[in-house]
Amino acid sequence: QVQVVESGGGLVQPGGSLELSCAASGFPFSLSIMAWYRQAPGKQRDLVAVITSGLTTNYADSVKGRFTISRDNAKNTVTLQMNSLKPEDTAVYYCKGRYLFSDYWGQGTQVTVSS
């Protein structure tokens, strides 16, 4: 049974930091591409950051230099460290695993950046 569970969202002031975590099981995590997406109200779901099985990372231009994605294959977890948060970072953040041609999504965690 595949499970992808995000945690760590919440309310933070502009300029603050949050760390999101994603725990995955039921598919070959260490061989999978893992990614974080986000979706703001009324907008499409966009890619935020991705990390391959070989630890190559890529980021959306809007978060480069502020967000860092990492993974722990021993624990089957992927983390998104978010610094210098802005109100426009407010969204539901989703974790996704991709193995071969199958995608595995979590239910999302809300991040709200507001004073």
Of all the accessible heavy-atom surface of segment 1-59, with the other protein chains kept in place and a 1.4 Å probe, what percent is carbon and sulfur?
50
Accessible area in the full protein assembly, largest first, 1.4 Å probe, for Lys96, Lys43, Lys86
Lys43, Lys86, Lys96
Hits among lysines - C-alpha to C-alpha of Lys64 under 25 Å, sequence gap 8 or more where chains match
Lys43, Lys86, Lys96
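The values are calculated or read from the model by the stated rules, or taken from the named source; none is laboratory data. Please read these numbers as outputs of a predicted model, since none were measured by experiment. All accessible areas refer to the heavy atoms of the entire protein, side chains included, with ligands and DNA or RNA removed. Shrake-Rupley method; radii C 1.70, N 1.55, O 1.52, S 1.80 Å.
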